[in-house]
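K.L.:
Pasting a structure below so you can have a look.
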């Protein structure tokens, strides 16, 4: 009875002691590194924990299977079968200690090591070991084997502030642990047993010796051929730590700042493309000069998702102001706004790509625009004027479409232009006399590429769908792309693959190049972040080669879409007479003629469509003034020519927007936009 009572008392005491330990910790309270990942969950940038540790969570999916096999073979051969405590290994370790008087082999399982990592204690007593054993059994009852392994992979110490295999692999090898060499696997297996003494960045010899012991034991167990082990021993060990990944650092910083409580931030960025474009920006900036920076934005214009955003040439370069986000800086776009001027002119029916236009000296009050090379081309086609980025034709067209209208249209599409304080939109906008962000300008070019509808750029996943915003008519957008794909490419680059435009701001402060194919739009800015001029900094020379190289580093360019309905294909001779030549001003003798204008419908009107016999009734059009034969266009397509008449009916295709334009024989025009419903 006494013995039974003693046994019961001992059992009750053990039960009370186990209960007093409280719930088993499973790592929920641990602070892990905040991670920013790409669209495919690839790591872009990790952030250290508040106490300065690199503790990157890991699962079996993050790790090379050979590492797991070697870890279990070296540390815990019966891991998959024991309940958390390996009685065979524990008994062997106890027998060796009793017979030799010293520790010959350890009896700790991986689960016991996890228990020690979850409840770290300095003492190495029998009570502490017993506590680990109890906690190991509790962990095995509440977690699966793979979950226990995941905790080990996330918490194992690797020296200094490195915890977990991902942090160690990134710091020592500069890569994720998904694919490791045999020598790398052996080193990562060996380090956690004595992380501070074996740190390769402090004691490469000790690290190498520990790695070789792991390889020898694995070879002795017959897990790896001897020749493969001998070859692995020839590899060196890293002598220092590599910096943690910093892909898209500006985008990562912004994502974390917007949601500081979230531990994993997923961006739309593609890590492979981002890395390639960061390297491109760094290489080109170094070649251009010590103070030059480069910014690049790459967009999938179908969805508006940002695939890469390089906000500076080097995030850690203080001289280049690397931490300043140049994709969000207001800079002068130079000639990069010209496609939108031409787009409005196409939309209004003022010109066609084959319309002839004058590039000759002209003056608008005190303003006399000149071309970049200080020469004039004379009479050229509109297509050629845009491809050569001639200034005089662009200013003439802006004078017709209206600077305020251009500014309002771009703001309506989500990209407001910033003018100097107190300034109103003027003709200088054609040559870059405004401020715009690279991200906004790239979004506008993406709007041209997607048929005239711009969508706000998306950089963070699950940020909601964006509503497309009207930028320009589909036919006008297609004509811009059709013109720009024929622009002369930079030296040593193949033409006819991407539609692109360059720009150079006043005083050589900013060089731009933006372009698109059938799938992607990329914008490039080059300059000094402080706005200082750089002699010879020209868009075509500095930025365009970077643009073409950026496209070359991604998938092969895809073809631009086919022409939408409403595009007129004709040579200059077969265009309607008012479209054959653009006349920017009124000719002598015009003062006696009344101004051409549309009396009805008024601009911005909403018109209810009626039907008769199943057909939609036409829309009435009344015109006043003008000289000679009048040409009427509906959505840019000529519908009729009038001699003497000033009223007619225009057929409607159905509900939607309808732009009516009228031209007289002198080239004067008027245009209205109405909504049919």
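Laboratory data are not the source of any read-out in this text; all were calculated from the coordinates shown. Since the structure is predicted, the reported quantities are computational estimates derived from the model, not experimental observations. Reconstructed Cβ throughout: ideal geometry from the backbone, glycine too, with neighbour counts over all protein chains shown.
K.L.:
How would you classify region 453-529 from its alpha-carbon gyration tensor, with a ≥ b ≥ c the square roots of the eigenvalues: rounded for a/c under 1.5, else prolate if a/b is greater than b/c, otherwise oblate?
P.N.:
The shape class here is oblate.
K.L.:
Using square roots of five times the C-alpha gyration tensor eigenvalues, list the equivalent-ellipsoid semi-axes of the chain in whole Å, biggest first.
P.N.:
Result for the chain: semi-axes of 72, 28, 20 Å.
K.L.:
Moving to a separate point now. Sort 224-231, 469-476 for me by packing, meaning the mean count of neighbouring Cβ atoms within 10 Å per residue, highest on top.
P.N.:
469-476, 224-231
K.L.:
Relative to the longest principal axis of the chain, what angle (0 to 90°, nearest 10) does the C-alpha long axis of helix 403-412 take?
P.N.:
30 degrees
K.L.:
Shifting gears a bit: Say each of residue 60 and residue 228 gets a label point 7 Å from the Cα, pointing the same way as Cα to Cβ; how far apart are those two points in nm?
P.N.:
The modelled label-to-label distance comes out at 2.0 nm.
K.L.:
Between region 342-372 and region 445-479, what's the alpha-carbon centroid distance in Å?
P.N.:
26 Å
K.L.:
Taking a spot 7 Å from the Cα of residue 637 along the direction of its beta carbon, which residues of region 411-454 have an amide N less than 13 Å from it?
P.N.:
No residue qualifies, since no backbone N sits under 13 Å from the label point.
K.L.:
Mind ordering 310-323, 556-569 by average Cβ neighbours within 10 Å, highest first?
P.N.:
310-323, 556-569
K.L.:
Take each of the peptides 63-75, 390-402, average the number of other beta-carbon atoms within 10 Å over its residues, and list them starting from the highest.
P.N.:
390-402, 63-75
K.L.:
Can you tell me the 0 to 90 degree angle between the C-alpha axis of helix 145-155 and the longest principal axis of the chain, rounded to 10?
P.N.:
Helix 145-155 and the main axis of the chain meet at about 80 degrees.
K.L.:
Let me ask something else about it. How high is the FRET efficiency between residue 620 and residue 373 when r is their beta carbon distance and R₀ equals 41 Å, given to the nearest 0.05?
P.N.:
0.25
K.L.:
Which angle from 0 to 90°, rounded to the nearest 10, does the C-alpha axis of helix 2-20 make with the longest principal axis of the chain?
P.N.:
Approximately 20 degrees, to the nearest ten.
K.L.:
Residue 246 to residue 323: extension gain in nm, 0.36 nm per residue of separation minus the Cα-Cα distance? Please report the intermediate quantities before stating the final value.
P.N.:
Numbers: separation 77, 0.36 × 77 = 27.72 nm, distance 1.21 nm.
Here the answer is 26.5 nm.
K.L.:
While we're on this one: Determine, from the Cβ-Cβ distance of residue 609 and residue 581 and an R0 of 41 Å, the FRET efficiency 1/(1 + (r/R0)^6), rounded to the nearest 0.05.
P.N.:
Result of the calculation: an efficiency of 0.70.
K.L.:
Would you calculate, for the chain, the mean residue ellipticity at 222 nm contributed by helices, counting each DSSP H stretch of 4 or more residues as -39,500 (n - 2.57) and dividing by all residues, to the nearest 500?
P.N.:
Rounded to the nearest 500, the figure is -10000 deg cm²/dmol.
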